[in-house]
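Quick notes on the structure that follows.
Nothing in this text is a laboratory measurement; each read-out follows from the coordinates by a stated rule. None of these values were measured; they are calculated from a predicted model. A quick note on method: Cβ atoms are made from the backbone with ideal geometry, for glycine too, and the neighbour counts reach across all protein chains shown.
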């Protein structure tokens, strides 16, 4: 039989933990796990402890979430290295995977069903979810070979809450750092927009910012393509009305082979859909020949000069925080639209001045030129 509990802890109980004290001193995730295991190992009833955390956004990869960490056992030698990882698709209690409650249960040694590695030889197991911002961020296992042993549920749950708090702080700091980096980029673009000759370099820089790693102020996309429409139709006219629509590449980063897919390739339908709907459009990337480490391809419409006249196409990596990643890409699309709009306005002004000069020079009679 399963028994469940999720007691609420007071702030005093949480602050008292050694994991929080270590984190305050700047300890890394591996150190959190080690200190937590040391604290639980002091409980005589616990004979095996496992603590696994979800990978960070930078470490995310394709497929199911795989938690990684460490397993300790009393009076044991080297444990199987594969126990250091556990998949979210493993046969774990539903309440734990949902992050709603702890689950303690007995393990029947006579069962013929496959058993999860870290549970081998245990008679009782306590699973406790580690939750940060209401999202499952890790797991704690406390087990014993004694069938009727009383596991220290309150202590294990308190440590899970400590680590969950640290995950929340880590995530909040990451988001704050990204917002700061985006603000710096925005200010830089606004400053450089005052220099007409900087347009080409700015577009290339924005494309590279889409794919640069988060440690360098980038978004971390797999590839990014900035394309301006040629033979563009009026903003309210469907793209399929007859004129030929193409994207002229004005900035790119990542595998250059993706650029060949913009026109008459697998990406053409996607960006045309974004133009027609004026909304961000996405598609699964599994069937695309270049879709390595890419979960989705998105097309972000860029509006300026009275219509959707450019598109940012990017590949999103396999990672949980794709919504936040998409918001950062949209900011870069907005900045690129400002660059293109200013570049086109300057080009129009130069063209008008050239035509006016030509008209004045070719006409001996007095001429009056009136603008709009």
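At 20 °C and 1.002 mPa s, grab the translational diffusion coefficient of the stretch 143-238 from Stokes-Einstein with a Kirkwood Rh over Cα pairs, rounded to a whole number in µm² per second.
The estimated diffusion coefficient comes to 117 µm²/s.
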**Message:** So if I take the alpha carbon set of the stretch 193-362, get Rg, then get Rh from the Kirkwood formula, what is the Rg over Rh ratio?
**Reply:** 1.02
**Item:** Centroid-to-centroid separation of the stretch 290-346 and the stretch 175-197 [C-alpha atoms, Å]
**Value:** 16 Å
**Item:** Cα extents of the stretch 158-209 along the three principal axes, largest first (Å)
**Value:** 59, 17, 5
**Item:** Ordering of 40-47, 124-131 by packing [mean C-beta count within 10 Å, highest first]
**Value:** 124-131, 40-47
**Prompt:** What's the FRET efficiency of residue 305 with residue 168 using the Cβ-Cβ distance as r and R₀ = 51 Å, to the nearest 0.05?
**Reply:** 0.70
**Estimated FRET transfer efficiency when R0 is 56 angstrom, pair residue 283-residue 365 (beta carbons, to 0.05)** = 0.40
